[in-house]
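The values are calculated or read from the model by the stated rules, or taken from the named source; none is laboratory data. Treat the numbers as computed from the prediction; the structure is a model and nothing was measured. Here the Cβ positions follow ideal geometry from the backbone for every residue, glycine too, while neighbour counts run over all protein chains shown.
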Amino acid sequence: MKNIGIYIHIPFCERKCPYCDFYSRKGTDDMYRRYTDTMTEKIASSPYKHLYHADTLYFGGGTPGLLGAENIGRIVDSVRESFSLDTDSSEVTVEVNPQGESLDLYALRKTGANRLSVGLQSAADSELEFLGRKHSSNDARNCVLNARKAGFENISLDLMIALPGQTRESLKKSVDFCTQLNVEHLSAYILKIEEGTLFYRRKDSLELPDEDETADMYECLCGLMKENGYEHYEISNFSRKGFEGKHNLRYWHDEEYIGFGPSAHSFVDGKRFYCPRSMKSFENDEIIADGSGGDEEEYIMLGLRLAQGIGAEGFTKRFGHGLPEKYLKRCKNLEKAGYVKILGDGGFALTEKGFLVSNAIIAHITE
């Protein structure tokens, strides 16, 4: 039985953050229960039921913690039954907000959830206010400490960088906050102004840092994380050894996953598809084909997000032949400029300098 990752989209938030373009809506306790009913029904009736073994399960959103431990546990049980999920050996991640949404972390741990992704965003309260977050840095600290007491040994925090008014000092404060809590993982994202968000409507009034300032913030972050013993294993992700995010690694390794919920994407049997961004589409099993996936170009494009890059042996195992010369030639030219390094086995990877301009570098390599 092949392994697969399962993603569960929970489309509820107490309010919309001004930078967020993910599909979400306000909910009620009754809506949470009914959504859980629908979700478990869809999992139990999946055409892939009993054909795959789920080795990762990820609850994203939205704000999954709003569902509560009981509803989350019902969904975990459904995945356990339909996709032979073993919560003792598989990674089960739930995204939560620092103020906890009155979520019982002890009860959540008993569902089989073993990894928390906490939406810190910043440890500077003025930056949290700008981002429209309801929690304080103290709320985030209490969330992590309470999660430890509940038995969570794998905790990730999210940070945002390149915010208006953010300084090296405030960024260091946020990094120190995370490392002093000794969390196992950190995800750091550059603020992007997405269409359809409140920030997009106010974009002309936002004093965003320029490209040089953004690059300086990113390099500062990378240096601080390295000093604190974290491995920079993916463009936006850092971890203690052995605590890389297994579910997201599936995406970057171009491996298969099934998404359940409105706006959730899937990649199975070389085909990509998704559910539209509406509850009715999810309830009615509406699926949109999104083309094929898993070809050489896509494999390289995704794999170059990882510090380990594209190994020649792994490429040959996947496609039955060595790395095409056209990719190697372009990488050797980029190596001279310090954006790419050639690996010992003949593969290639981006340097941290290359990570700074990854979109342009990857597009050039795969053109």
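Given the criteria within 29 Å of Ile4 (Cα to Cα) and touching a Ser or Thr at 6+ places or on another chain (Cβ under 7 Å), does Asn237 qualify?
yes
Only one of these conditions is not met by Ser266: (1) touching a strand residue (DSSP E or B) at 6+ places or on another chain (Cβ under 6 Å); (2) of a type in the set (S, T, N, Q); (3) in a helix (DSSP H, G or I). Which number is it?
Answer for Ser266: the failing condition is (3).
What's the total number of residues in the range 143-174 that are surrounded by 18 or more Cβ atoms within 10 Å (Cβ to Cβ) and either under 22 Å from Thr93 (Cα atoms) or among the acidic types (Asp, Glu) (or both)?
Of the residues in the range 143-174, 11 are surrounded by 18 or more Cβ atoms within 10 Å (Cβ to Cβ) and either under 22 Å from Thr93 (Cα atoms) or among the acidic types (Asp, Glu) (or both).
Being among the small types (Gly, Ala, Ser) and either assigned to a loop (DSSP other than H, G, I, E, B) or surrounded by 23 or more Cβ atoms within 10 Å (Cβ to Cβ) (or both) is the filter; apply it to the range 55-77 and report the residue that is farthest from the chain's Cα centre (by Cα).
Just the residues of the range 55-77 that are among the small types (Gly, Ala, Ser), to begin with: 60-62, 65, 68-69, 73.
Applying the additional criterion that residues be either assigned to a loop (DSSP other than H, G, I, E, B) or surrounded by 23 or more Cβ atoms within 10 Å (Cβ to Cβ) (or both) yields 61-62, 65.
On the way: Gly61: 11, Gly62: 13, Gly65: 16 Å.
Only one residue fits best here, namely Gly65.
Could we say that Gly100 is under 20 Å from the mean Cα position of the chain (by Cα), modelled with pLDDT under 95 and assigned by TED's automatic domain parsing to the domain that holds Gln180 here?
Numbers: under 20 Å from the mean Cα position of the chain (by Cα): yes; modelled with pLDDT under 95: yes; assigned by TED's automatic domain parsing to the domain that holds Gln180: yes.
When the stated conditions are applied, Gly100 passes them.
Among what's in the range 124-137 and is in a loop (DSSP other than H, G, I, E, B) and hydrophobic (A, V, I, L, M, F, W, C), pick the residue that is surrounded by the fewest Cβ atoms within 10 Å (Cβ to Cβ).
Leu131
Of all residues in the range 181-213, which are in contact with a strand residue (DSSP E or B) (Cβ under 6 Å, 6 or more places away or on another chain) and among the polar types (S, T, N, Q)?
Correct list: Ser187 only.
Taking Gly261 as the residue in question, decide whether it is more than 25 Å from Arg305 (Cα to Cα) and small (Gly, Ala, Ser).
So Gly261 fits the description; yes.
Please give the number of the condition Arg305 fails out of (1) buried (at least 16 other Cβ atoms within 10 Å of the Cβ); (2) closer than 30 Å to Asp345 by Cα; (3) without any contact (Cβ under 8 Å) to a residue 24 or more places away in the chain; (4) not β-branched (Val, Ile, Thr).
So the condition that Arg305 fails would be (3).
Would you confirm, using the coordinates I've provided, whether Asp176 is over 15 Å from Phe243 (Cβ atoms), in a helix (DSSP H, G or I), at pLDDT 95 or above and in contact with a helix residue (DSSP H, G or I) (Cβ under 9 Å, 6 or more places away or on another chain)?
Numbers: over 15 Å from Phe243 (Cβ atoms): yes; in a helix (DSSP H, G or I): yes; at pLDDT 95 or above: yes; in contact with a helix residue (DSSP H, G or I) (Cβ under 9 Å, 6 or more places away or on another chain): yes.
When the stated conditions are applied, Asp176 passes them.
Can you confirm whether the range 35-47 contains a residue that is outside any loop (DSSP other than H, G, I, E, B), in contact with a His (Cβ under 8 Å, 6 or more places away or on another chain) and either among the polar types (S, T, N, Q) or under 17 Å from Ile6 (Cα atoms) (or both)?
Start the filter on the range 35-47 by keeping residues that are outside any loop (DSSP other than H, G, I, E, B), which leaves 35-44.
Now drop any that are not in contact with a His (Cβ under 8 Å, 6 or more places away or on another chain), which leaves none.
So far as the range 35-47 goes, no, none of its residues is outside any loop (DSSP other than H, G, I, E, B), in contact with a His (Cβ under 8 Å, 6 or more places away or on another chain) and either among the polar types (S, T, N, Q) or under 17 Å from Ile6 (Cα atoms) (or both).
Go through Gly354, Gly344, Gly322, Gly294 for me and flag whichever is assigned to a loop (DSSP other than H, G, I, E, B) and crowded, with 16+ Cβ neighbours inside 10 Å. Talk me through it step by step, then tell me what you get.
Details: Gly354 fails: assigned to a loop (DSSP other than H, G, I, E, B); Gly344 fails: crowded, with 16+ Cβ neighbours inside 10 Å; Gly322 fails: crowded, with 16+ Cβ neighbours inside 10 Å.
The conditions single out Gly294.
Pull up the range 167-185, narrow it to residues that are of a type in the set (A, V, I, L, M, F, W, C) and over 16 Å from Ala147 (Cβ atoms), then point me to the one that is nearest to the chain's Cα centre (by Cα). Walk me through how you get there before you give the answer.
Of all residues in the range 167-185, those of a type in the set (A, V, I, L, M, F, W, C) come to 171, 175, 177-178, 181, 183.
Adding the requirement that they be over 16 Å from Ala147 (Cβ atoms) leaves 171, 175.
Details: Leu171: 21, Val175: 19 Å.
Among residues in the range 167-185 that are of a type in the set (A, V, I, L, M, F, W, C) and over 16 Å from Ala147 (Cβ atoms), the one nearest to the chain's Cα centre (by Cα) is Val175.
Of Ala107, Ala140, Ala113, which residue is in the same structural domain as Val183 (by TED's automatic domain parsing), in a loop (DSSP other than H, G, I, E, B) and either surrounded by 21 or more Cβ atoms within 10 Å (Cβ to Cβ) or among the hydrophobic types (A, V, I, L, M, F, W, C) (or both)?
From the options Ala107, Ala140, Ala113, the qualifying one is Ala113.
Just for the range 3-34: of the residues that are in a strand (DSSP E or B) and more than 13 Å from Ile258 (Cα to Cα), which one is farthest from the chain's Cα centre (by Cα)?
Taking the candidates together, the pick is Arg25.
(1) under 18 Å from the mean Cα position of the chain (by Cα); (2) among the hydrophobic types (A, V, I, L, M, F, W, C); (3) assigned to a loop (DSSP other than H, G, I, E, B): which one isn't true of Leu163, the others all being true?
Failed condition: (1).
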